[in-house]
Amino acid sequence: MGQLLGPVFPPAVGLAVSGGGDSMAMLYLAHNWTRRWGLQLRVVTVDHGLRPEAADEAAMVADACRALGWPHETLRWHWDGQGNVQNAARQARLRLMDRWRGDLGHILMAHTRDDLAETFLMRLARGSGVEGLSAMSARRVVRLRGTESREPSGDGGGAGGAASAPGNRDSEGPRSAGFEVIRPCLGMRREELRHYLRTLRGRWVEDPSNDDGRYDRVRMRRLLVTLEAEGLGVETLAMTADRLSRAKEALTARALTVWADTGQEGRALNAATGDILFRQTGFAATELDTQMRLLAAALQYVSSTSYRPRSDAVEALLDRVLAGGAGTLQGCEVRSCGDLIQISREPAALTGQLVPISDGALWDGRWTVYGQEFKGLTLRSLGEDGWAQCPGRPDGAPRFRTARALPSIWDGDRLVACDALGVGPGGTIQLTPMAQPGSSFANFLLSH
């Protein structure tokens with residue numbers, strides 16, 4: 001924890017505790033470490049409402065935190081019955097955590113060596129490449145898209161901040177900026193943590209879903225028992241995932257070099273358009289893995305989504321574009337434009353996204369407005385109606401296909417400002433990709 005949080009420690013950290021053995025052991029470990037080094041600890045449990053026992057498990061965690069002297073809060077989530085329940089629960093946990101943590105910048109999670117191996121097998125079964133098979137990082141930056149309610153995510157649990165009163169809460173509240181997930185137990189086995197708990201005579205619960213063969217992770221956990229006898233146990237698979245992480249770093253460095261040689265972020269009339277552009281001649285001469293890595297990252301960057309699209313979909317789109325065609329994926333349009341490959345926001349993905357302008361308001365997860373005079377107006381895409389209100393477009397303005405997805409300020413049905421088309425005073429709308437002001441696509445490649 002000292003290596004991951006230091007050398008200058010934050011005043012407080014959060015900890016996600018479900019009541020299972022891993023997270024309860026992490027609670028005691030974090031209790032001892034934070035007390036020694038003078039940090040405050042804030043603990044949270046998410047009750048997904050999927051099992052009647054979950055409320056009692058959350059109460060058990062609250063009792064343990066009370067005995068240790070740390071604040072605890074239970075957050076409740078209600079599944080709407082749509083999609084995969086485990087994926088929906090992961091999405092909800094990250095949203096709740098991000099909106100509840102207040103000013104906390106670090107959230108501890110109790111992922112172990114066993115989790116690394118299980119995740120490796122799950123992704124191997126899906127045909128993942130180096131990116132997917134690489135080990136999860138001990139530090140991961142999490143930024144969610146603006147105020148949208150259905151953002152994909154990959155981690156669970158959460159912790160509250162000073163703005164939250166202790167107790168139980170259903171509201172998801174306003175969301176603040178990004179945070180870091182900290183995983184200090186990735187070098188430990190699950191059984192090590194159980195041994196620690198048994199030695200302390202600590203309490204924990206076993207979630208019955210951990211024995212439910214309908215879930216991929218449970219089946220992979222059982223498979224590991226068989227693979228262990230063949231030399232493909234937890235340590236071997238986790239070590240392979242670690243080595244693939246090193247390979248991923250080298251591939252990322254190569255992608256950055258190609259980006260510097262062939263790529264640029266879109267601008268028009270000295271305003272950002274939010275597009276990513278690659279010079280086709282240099283891009284087409286690059287090896288396939290780097291092409292796919294850059295295209296997948298560009299799709300994620302432009303759409304501000306937490307996960308990259310699946311490799312098979314990226315490869316199919318890449319084939320079409322390099323052949324002179326076009327396509328859509330993950331809320332983006334990708335097309336060949338002369339010697340350029342352009343990745344821009346898909347106008348259809350912006351339908352219905354209307355944001356009243358106020359301090360800190362974020363549109364499409366990446367655009368903010370500056371200027372007190374625009375408060376109370378609406379931020380939305382330009383669309384065809386906005387294009388029609390710009391008959392005298394200056395030289396250097398984007399074309400119609402790109403312009404439709406541009407951010408613009410509206411007073412009812414009247415277009416007030418669109419920087420990239422020269423409408424309004426200029427300098428009114430700023431690109432803040434992945435809710436990180438001042439970021440760039442190169443930084444995004446490094447951090448994702």
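Tabulated data for the structure shown
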item	result
Which numbered condition Asn210 fails, given (1) in a helix (DSSP H, G or I); (2) surrounded by 16 or more Cβ atoms within 10 Å (Cβ to Cβ); (3) within 29 Å of the chain's Cα centre (by Cα)	(2)
Of residues in the range 323-332 being assigned to a strand (DSSP E or B) and in contact (Cβ under 8 Å) with a residue 12 or more places away in the chain, the one surrounded by the most Cβ atoms within 10 Å (Cβ to Cβ)	Cys332
All positions within the range 338-348 that are in a loop (DSSP other than H, G, I, E, B) and open to solvent by less than 60 Å² (accessible area, probe 1.4 Å)	Glu346
Within the range 237-266, tally of residues that are in contact (Cβ under 8 Å) with a residue 12 or more places away in the chain and open to solvent by 30 Å² or more (accessible area, probe 1.4 Å)	12
Filter result for the condition that a residue is closer than 25 Å to Trp259 by Cα and out of contact with any strand residue (DSSP E or B) (no Cβ under 9 Å at 6 or more places or on another chain), over Leu406, Leu431, Leu445	Leu445
Candidates Val423, Val369 - the one that is in contact (Cβ under 8 Å) with a residue 12 or more places away in the chain, in contact with a Cys (Cβ under 9 Å, 6 or more places away or on another chain) and not aromatic (Phe, Trp, Tyr)	Val423
Pair list, Cβ < 7 Å and 6+ apart or interchain, from the range 272-288 residues that are at positive phi to residues that are of a type in the set (Gly, Ala, Ser)	Gly274/Gly266
Residues of the range 276-289 satisfying the condition of being in contact with a Ser or Thr (Cβ under 6 Å, 6 or more places away or on another chain) and either crowded, with 18+ Cβ neighbours inside 10 Å or under 17 Å from Val423 (Cα atoms) (or both)	Phe278, Phe283
Criterion (over 23 Å from the mean Cα position of the chain (by Cα) and surrounded by fewer than 18 Cβ atoms within 10 Å (Cβ to Cβ)) met by exactly one of Arg320, Arg310, Arg335	Arg320
Identity of the residue in the range 392-402, touching a strand residue (DSSP E or B) at 6+ places or on another chain (Cβ under 8 Å) and either among the small types (Gly, Ala, Ser) or at pLDDT 95 or above (or both), that ends up least open to solvent (accessible area, probe 1.4 Å)	Ala397
Check on Arg139, at pLDDT below 90 and open to solvent by 30 Å² or more (accessible area, probe 1.4 Å)	no
Out of Val218, Val225, sole residue that is assigned to a helix (DSSP H, G or I) and either open to solvent by 70 Å² or more (accessible area, probe 1.4 Å) or at positive phi (or both)	Val225
Residue satisfying all of: in the range 403-418; in contact (Cβ under 8 Å) with a residue 40 or more places away in the chain and in contact with a Leu (Cβ under 7 Å, 6 or more places away or on another chain); surrounded by the fewest Cβ atoms within 10 Å (Cβ to Cβ) among these	Val416
Subset of the range 349-367 [surrounded by 15 or more Cβ atoms within 10 Å (Cβ to Cβ) and among the acidic types (Asp, Glu)]	Asp364
Number of positions in the range 351-375 that are closer than 16 Å to Pro433 by Cα and of a type outside the set (D, E, K, R)	9
Residue match in the range 19-27 (condition: assigned to a loop (DSSP other than H, G, I, E, B) and either of a type outside the set (Lys, Arg) or in contact (Cβ under 8 Å) with a residue 24 or more places away in the chain (or both))	yes
Only one of Thr273, Thr305 that is touching a Pro at 6+ places or on another chain (Cβ under 8 Å), farther than 30 Å from Ala125 by Cβ, crowded, with 16+ Cβ neighbours inside 10 Å and hydroxyl-bearing (Ser, Thr, Tyr)	Thr273
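Conditions tested, residue by residue: (1) within 28 Å of Tyr215 (Cα to Cα); (2) open to solvent by less than 50 Å² (accessible area, probe 1.4 Å); (3) in a loop (DSSP other than H, G, I, E, B); (4) not basic (Lys, Arg).
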residue: Gly49; (1), (2), (3), (4): yes, no, yes, yes
residue: Val61; (1), (2), (3), (4): yes, yes, no, yes
residue: Ala64; (1), (2), (3), (4): no, yes, no, yes
residue: Met97; (1), (2), (3), (4): yes, yes, no, yes
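The values are calculated or read from the model by the stated rules, or taken from the named source; none is laboratory data. Just so it is clear, the structure is predicted and the values come from calculations on it, not from any experiment. A quick note on method: Cβ atoms are made from the backbone with ideal geometry, for glycine too, and the neighbour counts reach across all protein chains shown. Note: areas computed on protein heavy atoms with side chains; ligands, DNA, RNA excluded. Shrake-Rupley method; radii C 1.70, N 1.55, O 1.52, S 1.80 Å.
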